[in-house]
Structures are given as structure tokens and as C-alpha cells.
Amino acid sequence: MEQQEQPGQPGQPGRPGLQGQGEWRRSAWCGELRASDAGREVVLNGWVAHRRDHGGLIFIDLRDRSGLVQVVFNPQTDPEAFRTAETLRLEYVVSVAGQVRHRSPGMENPKLPTGEIEVAGHTLTVLSTSKTPPFVLDRAPSVDENLRLRYRYLDLRRPEMQRNLVLRHRLAQKTREFLNARGFLEIETPMLTRSTPEGARDFLVPSRLSPGTFYALPQSPQLFKQLLMVSGFERYYQIARCFRDEDLRADRQPEFTQIDIEMSFVEREDVMQLGEELIATLLGEVNVRVELPLRRITYGEAMLRYGSDKPDLRFGLEIQDVSQLFATSGFQVFARAVASGGVVRALVLPGGSDLSRRELDQLVELAPRWGARGLVWMLAEAEELRSPIAKYLGAGEEAALRKQLSVQPGDLICLMAGPEKETAIAMGRLRLFLAEKKNLIPPGRWELVWVVDFPLLEWNEEERRLEAVHHPFTSPRQEDVDLLATEPLRVRANAYDLVLNGVELGGGSIRNHRREVQERVFEALGISPEEARAKFGFLLEALEYGAPPHGGIAFGFDRLVMLLAGEETIRDVIAFPKTQSGADPLTGAPAAVSAAQLGELHIIPEVPVA
RNA sequence: GGAGCCGUGGUGUAGCGGUUUAACACACCUGCCUGUCACGCAGGAGAUCGCGGGUUCGAUUCCCGUCGGCUCCGCCA
């Protein structure tokens, strides 16, 4: 790979390139030729993207990873090359030797960066032919995604996909550059590790050497990076592959990548500062400028005002609490909700009275799907509030509501009542729904926010126990430690999430580096010392051998690339992603294996195998 | 585990409140064309309408099931 030119380094002298027939080695990149290259003799390598055969003149758009350039073949000047050009088809791989020249006036193509010039092809070598592609590469975005994945190597030839993966590469390199400059060490951790309880479902790998036992693929390098802190590496990072066997979504794949960071002798502020500087640097790669420090919002405030722990701050539509106002209301549904410890929440859609009756009914219909008990709407007119529940409200109540919510005539008010958390979440979903429906999200906005002061623990109704909101190694805030035994749900975590445009980009925490605090957390979680030892014994033990205070953060790399690439699914920024059912149409994974293979692994199949 | 949407030549779609030669565009093949750039013109080939079952004289069309894809809920420490 010695003397070939690299994209991004125009002007490098390539090999001479034209010495004798059969010389096909590249001396220039298609997409980088400009008017200033006119007169140059070049050798191009690439794929036939388009061909326009005029009978007496053939145009080829030649594509390599740098872009497109037009090549012309003229039978008068280069009869042999012309005859070969007649045989070209889409996606043939060719080498062209020719001369760069200005196009005649009026013949320039302003749509192409290379549109001022073209290459007069003198010598043409077909390096590889191609079957007719199963889809037209130009139109791939509208092609069935299953087909794109089955022929992913063709899909990836498209400039959009190349651009995405180039961006991904640049962001990864920028991340390394940023962290290297700050004294971080890139250290790999095992992919074959031990299954630990809590968290997502593990992918398991059977052990051949120890019948009946299994490795697990890591859900994250969490425990290892903490051990590396105990080891004294002080600053670690890894662009780490993680595995979680849960159902897929547009932004969730069973294997994904995170930027994983851990630091010793730091407090919350240190990690947050580093984290936001990193993200600001990466956003800078796509020319998005971010003002630091980033704003912060507490978990409680986020849930109240936005109904989400990952609030989208690109638009307003804030939720307001009107519980007090309805505590003594004539509308019994709301009054009872408040009396039983619940809340009433309101959201004002300015000018929302233009919604049709049908659209209002749709809101009411959707509310239960968002987890609400119901939804009440009110249309603000000049004098009164028009609403199905208007007759239950006193005039004073109406006035108070209008005043507290600063309602203007023509506004729509939406109300929900019920237990605090589910009402908040339902209002949050309503908020997003209305924002999308009314196009309230301005394009080109980048709203980053830290969410802090998460509760350390939450109640899992299904399992009838407390569980960690982040993970069991997150430390409680110092001032809340004593609440662990008495009011565990009020304990705030030393944790922080970074949210971009309503997408959770990453999160982290300061860990428990003292065994006794860790044990108190386990106690609150209802994990006995024996159980803790059995499951996390190696970490607890490590904490007894001089563990420094430490903490870290991890960012979802795929999601970050997706947002910066302007894509709507992380599949478009992953070279070989899986479908929603976890399959790879290209390789056919997952697939059956032979009985012999299973036998070696001491596995008895429940279903017949090949 | 659940809900919704989709499945018609290679690709993207149309069609059908039951009987048609299943239409259009792109791609493909042949011919013509020296300035196109999603080239153009003329002609051609190409579809058991995802699969299975049901209703019917007759199903691509209606019904049920199933498979696959996508979106979402649950799930994702």
C-alpha cells in the first residue's frame, strides 16, 4: 500500500501510472479531480456508476470511494478503449488511463464537484465484471431494507452509506485523539466473560472445556473498567462492543458500540466536564458548535416539565402541575386523583383549538396507550373553556386555570390525572406527539442537556423489590447515604445522563469504591452478603485492596453517529446490522449447527438439528 | 409476549366494492444515436400477485392462518 494516493491528500504524486499496457494502478481519485488538474494524465480505478452510450461517444460515470467523475471514450481518438467501453455494464470494475481536461463551455455539470472537468479515456481495462445488481444503487433508500441487507456489500457502495461509515471512522478517531491527549489508555477487556445478574438478558457461549458452563458476552465492560481503576491505570477508555439479548428497535441492535470511559481520583464534575468536552468536540466534526458548560436539569424537574428522563429541549410545550387547583374541584375524577396522592398535569398547545373534533378524539383514544387513565381537553375561547367536563367546573376554577397556565384564546389545554410517575410519562408522550403533529421541532437544532440527581433505586412492581436505576455499583450522593436504610427511594445517585435532542446519548456515575457503602447499597437492594459474594465477589474483593475513588461514563456510539449523520436508524451507520428479528440476511445468521458441534459443547438440542 | 403498517416482473409502485392480455416507471436485452450527465428514440424479454387454507362457478382482489420486513409498547442494570 505504499505509493497510492489517499483521499484527503490531493496533490500527492502518485505512481507514474502510464508506463505500458496493463498498468492499472491508481494515480488519482475520481472525486478529487478539479479544474486545476486539467492536463494531468491519470489512472483511475473504480466502479461503473452510470453509462451513457451515444453510439459514437460513450460517457461513463466512474465511482470510487472519493466520489464520481465522468470519463469519455471517443472512437476517433481511442478506438480500442471505445470498443471495450461498449461492453461496460453497471458496477463493472475498471481501470481507466486518460487525460483530465476542462469540459467545453456550457457542458459543465454544477451538480458534481468534479463537474468542471472530465477524463478522456485512452486505455480501459476491465478488472472485474458484474451481474446486473438486484437493485439500482441510486435508488436504494426506497428499496426494501431486507434486500439491502442481503446485498449489503452493494448497498454500502452508495455514497450515502460510504459517507456514514467515513463519519463513523472520523468520530472514532477523534474520540481516540481527544482521550489520548488527556492521558487515557485504550485497554481491551474480554468478550468471553461471566454472566452477572441484573440488567439485560445475556448472550451465552457454551464452554467446551467445562461441560455445562457458559461464558456470557459483555453487556458492557463495566466491571472490568472498575477493576482497571483498582489496578491503577487511572484513565481508561475503549470503543467497546457490547451485547444485550433484548428486542430490537430503530436505535437498538443486539450488538452495539459504546465509548467507554473510566477515571480515578475524580468526582462527578470531573467526569461530566470531560464528557461534555468530548461530545462538543465530536459535534464540532460536523460543524455543530456547542456552548459549554452544558445546561443541567434534575431528574425530578425533567419528569415534571417534560415527562421524560431524556427530555427533548428543541421545543417548549412544557408540562405544568395543576394538582392543587383541582384538589377541591367539582370534577370528581381529578379531585379523587389528588386526594389519593396522585397529580393532575396540564399542557397548553398554543393555537391548538384548530384541532378538529376527530383529532381531539384521537388524543383521548391514544392516552391509554401512553399509560394514562384518560385525557381531558379544553378549548380556550374568549370567555369560556369549551370542554366535555366544562359543566363540572366552577367559574373560579376556570379562571384560576387560565391564569396559572397563561391561557390565550385559541389555545388547547390537555389534562391528565393519576399516579405521579405514569401521569408524567403519559404527558411526556403527549408532548412529543403534539410536537411532531404540529411540526414544532425546528430542524438544525442541537439541544444537549445533562440529567442529574436520578434516584439511586426504584421499585419494581413485578418483582416486588427495589432495583438499581443505573446499575448496582453507582454510588449514592454523599449526603443521602444515611437514607439508604430508612427511605431508600429518596436516595439520589451520583449519576448523570447526557441527552441530545431527546435521545439518551450516554450516562455514567461515580462508583462505590468503599466496600462498606457498596454493601449498604446491596442491602437496600435486598441482596444478601452471600448472594453479593456469589455474584460480584471478585469486584467486592477488589474493593478491599485499595480501590481509588473512581467514576466514568459511556456513550452510545451508534446513536451518536446516527444523530450526526442525520439518519433515523442506527442500522444506517453500522456496516452489517441485524434485522428486527436479530437476523443477518447476508450471512444467514443465526443458523443451525451440526449435532457434532453441539455434542462437543455438551449441548442437547431441544429441537432437531441438521 | 402484544399492537399497527407493509408484501404484485430484478427494483419501486398501480390495480381489482370477484371474471381484464395484471398496468406504469426504472433496471435488463437488441437496434439507432458524437456532448450526455437519472442521455434520448424504437423494439423485446421478464410476474405461479410471499406461503398455506377457506368462501365462491371463479380469488392477486374477500376471510383465517403463517412467514418475512418495518415502527411502536413491554423488555433494554
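At least 2 residues being under 30 Å from residue A:576 (Cβ atoms) is the threshold, and among the helices (runs of 4 or more DSSP H) wholly inside segment A:79-163 those reaching it are A:145-150, A:152-155. Inclusion of residue A:457 among residues that are surrounded by 15 or more Cβ atoms within 10 Å (Cβ to Cβ), in contact (Cβ under 8 Å) with a residue 24 or more places away in the chain and among the aliphatic types (A, V, I, L, M) is warranted.
Among the conditions (1) surrounded by fewer than 16 Cβ atoms within 10 Å (Cβ to Cβ); (2) more than 14 Å from residue A:59 (Cβ to Cβ); (3) of a type outside the set (A, V, I, L, M), residue A:91 misses just one, which is (1). Within segment A:120-142, restricting attention to residues that are among the β-branched types (Val, Ile, Thr) and within 10 Å of RNA strand B (Cβ to nearest atom), which residue is modelled with the highest pLDDT? Result: A:132.
Residues that are under 22 Å from residue A:508 (Cβ atoms), among the charged types (D, E, K, R) and surrounded by 12 or more Cβ atoms within 10 Å (Cβ to Cβ) within segment A:473-487 comprise A:477, A:480, listed in sequence order. Restricting attention to segment A:52-72, the residues that are within 8 Å of RNA strand B (Cβ to nearest atom) and either of a type in the set (Asp, Glu) or within 12 Å of residue A:31 (Cβ to Cβ) (or both) add up to 3. Looking at segment A:244-258, can you tell me whether even one residue there is modelled with pLDDT of 95 or more, in a loop (DSSP other than H, G, I, E, B) and either of a type in the set (S, T, N, Q) or more than 16 Å from RNA strand B (Cβ to nearest atom) (or both)? Checking segment A:244-258: at least one residue is modelled with pLDDT of 95 or more, in a loop (DSSP other than H, G, I, E, B) and either of a type in the set (S, T, N, Q) or more than 16 Å from RNA strand B (Cβ to nearest atom) (or both).
Being surrounded by 19 or more Cβ atoms within 10 Å (Cβ to Cβ), modelled with pLDDT under 95 and not aromatic (Phe, Trp, Tyr) is the requirement here; does residue A:382 meet it? No, not satisfied. Would you call residue A:49 hydrophobic (A, V, I, L, M, F, W, C) and within 10 Å of RNA strand B (Cβ to nearest atom)? Considered against the rule, which asks whether it is hydrophobic (A, V, I, L, M, F, W, C) and within 10 Å of RNA strand B (Cβ to nearest atom), residue A:49 comes out as yes.
Of all the numbered requirements in (1) touching a Lys or Arg at 6+ places or on another chain (Cβ under 6 Å); (2) surrounded by 15 or more Cβ atoms within 10 Å (Cβ to Cβ), residue A:470 misses one, and that requirement is (1).
Restricted to segment A:419-524, the set of strands (runs of 3 or more DSSP E) holding at least 3 residues that are within 11 Å of RNA strand B (Cβ to nearest atom) and not hydrophobic (A, V, I, L, M, F, W, C) comprises A:503-510.
Quick grid of which residues meet (1) more than 21 Å from the chain's Cα centre (by Cα); (2) touching a residue at least 12 places away in the same chain (Cβ under 8 Å):
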site: A:452; (1), (2): no, yes
site: A:486; (1), (2): yes, no
site: A:497; (1), (2): no, yes
site: A:514; (1), (2): yes, yes
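I'd like the residue in segment A:95-111 that is more than 6 Å from RNA strand B (Cβ to nearest atom) and aliphatic (A, V, I, L, M) and, out of all such residues, is surrounded by the most Cβ atoms within 10 Å (Cβ to Cβ). Only one residue fits best here, namely A:96. Any residue in segment A:217-232 that is within 16 Å of RNA strand B (Cβ to nearest atom), touching a Ser or Thr at 6+ places or on another chain (Cβ under 6 Å) and outside any loop (DSSP other than H, G, I, E, B)? Checked against the condition, which is being within 16 Å of RNA strand B (Cβ to nearest atom), touching a Ser or Thr at 6+ places or on another chain (Cβ under 6 Å) and outside any loop (DSSP other than H, G, I, E, B), segment A:217-232 yields at least one hit.
Within segment A:572-594, residues that are in contact (Cβ under 8 Å) with a residue 40 or more places away in the chain sit with their Cβ atoms under 7 Å from residues that are within 13 Å of RNA strand B (Cβ to nearest atom) and assigned to a strand (DSSP E or B), at 6+ positions apart or across chains, in these pairs: A:576/A:584; A:578/A:584. Screening residue A:173 on (1) over 21 Å from residue A:585 (Cα atoms); (2) surrounded by 15 or more Cβ atoms within 10 Å (Cβ to Cβ) shows it passes everything except condition (2).
When residue A:66 is tested against the conditions (1) among the polar types (S, T, N, Q); (2) surrounded by fewer than 21 Cβ atoms within 10 Å (Cβ to Cβ); (3) modelled with pLDDT of 95 or more, the lone failure is (2).
The values are calculated or read from the model by the stated rules, or taken from the named source; none is laboratory data. In this text, all values refer to a predicted model and were calculated from it rather than measured experimentally. So basically every Cβ, Gly included, is an ideal-geometry build from the backbone, and we count neighbours across all protein chains shown.
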